[in-house]
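Derivation of every value follows stated rules applied to the coordinates shown; laboratory data play no part. This is a predicted model, so every value here is computed, not measured. Quick reminder, even Gly has a Cβ in these numbers, built from the backbone with ideal geometry, and neighbours come from all protein chains shown.
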């Protein structure tokens, strides 16, 4: 049975709250009881929704990848010009990482040591899909400009590092505004990729 | 009393082993008993050496910053040319992140949510010192070249992201060699900073 809108909505609410609990107490330090209390469910009710603690962690990570799809990739999919498409992808990804609402989810997405076996493989496959998308887009930008100073794959990982590391230091209330940050990083990346642009 | 060579050596051994246990089980999931067993001490013996679990985490992070000092910063301190000094700093930092021996320590260094209060402040002050060093060096490189397209602070954070993110994806046994990676990242960073070089 496909999930209805309501069950999907409920699952996302559980994911957001559970992500905050995992973020605060660590995956091993947080009990299913802690999470049930935070969500406002009985422990049995929580298990009914998520199956197991492993599965809950997987659902949170999967939700993180859904957000990336919905808020970044869907918005650029109709842009034909590779350079503009890459620029908008970077802007969207920075916006996703720096906005407070989903921060716990994006952080947990990268702490995937706790996820094992088949569930880990599924998340890694979704991450790989995004890296492949970036690599291919970077390759198109290089081809169009006739410059290929860096392998597209290494450039994709350099970009992911710059952007995903933001959660470690960027403070939306701090002295560097998000617009200034985004412009600086987009320009830095394109110079790194193509030389003077 | 200043620590003798022997007690310092012992503490570093404890830090390396404890870092592996924290890495595998999470800070909250690992007990002092787990760590004592891994180190080959009684629980009382471990407490004698490290004081508390908090303090042990602090010692591991402090050791991580010591390694950065010893293996990266000490080696570049006598280089006068800013560009060469920055280049060697990047090479050294990449080498530190990609070598397997201390990987657990460098990963834990960035999971500082578990550290609280004064100990957290001490580690953050050491991290800030390194960021200030990078920022100042980047500023000198820009000044010398007459190009200042990116704020040195944002460039420093872009660099830290590129390099520190390596632990998420770089496999020393994989298809991309460490030399090729290092050259590509150094060149990418200098192009991003200065445009075509």
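Quick notes on this structure:
- Ascending distances from the residue A:173 label point to its copies in the other chains, with the point 7 Å along the Cα-to-beta-carbon line: 4.6 nm.
- Teacher prompt: residue B:122 distances to equivalent labels in other copies, 7 Å Cα→Cβ, nm: 4.4
- Largest to smallest principal axis extent of the C-alpha atoms in the stretch A:34-130, angstrom: 51, 28, 21
- Inter-chain Cβ neighbour count for B:163-170, averaged per residue, equals 5 (cutoff 10 Å, partner chain atoms only).
- Sorting A:165, B:169 by the number of Cβ atoms found within 10 Å of their own Cβ, with the fewest placed first, yields B:169, A:165.
- Using every pair of distinct Cα positions in the protein assembly as shown, the Kirkwood expression returns a hydrodynamic radius of 22.7 angstrom.
- Within 10 Å of each Cβ in B:152-161, the average number of Cβ atoms from other chains: 6
- The length gained by stretching the chain between residue A:5 and residue A:66 to full extension, at 0.36 nm per residue less their Cα-Cα distance, is 20.5 nm.
- FRET efficiency estimate (nearest 0.05) - Cβ-Cβ, residue B:47 to residue A:131, R0 41 angstrom: 0.40
- Gap separating the Cα centres of the stretch A:118-183 and the stretch B:98-139, nearest whole Å: 23 Å
- Residue mean of other protein chain beta carbons inside 10 Å, B:182-192: 5
- Distance between the pseudo-spin-label points of residue B:73 and residue A:173 (7 Å out from Cα toward the beta carbon): 2.9 nm.
- Computed Kirkwood radius, in angstrom, where 1/r is averaged over Cα pairs of chain A: 18.3 Å
- In the assembly of identical copies, residue A:47 has its label point, taken 7 Å from Cα in the direction of the beta carbon, separated from the corresponding points by 3.5 nm (ascending, one decimal).
- Overall dimensions of the stretch B:140-187, expressed as equivalent-ellipsoid semi-axes from the Cα gyration tensor (√(5λ), whole Å, largest first), are 27, 13, 6.
- The stretch A:1-50 versus the stretch B:27-52: alpha-carbon centroid distance in Å: 32 Å
- Rounded to 10°, Cα long-axis angle of helix B:5-25 versus longest principal axis of chain B: 90 degrees
- Residue order, fewest to most surrounding Cβ atoms within 10 angstrom, among B:77, A:127: B:77, A:127
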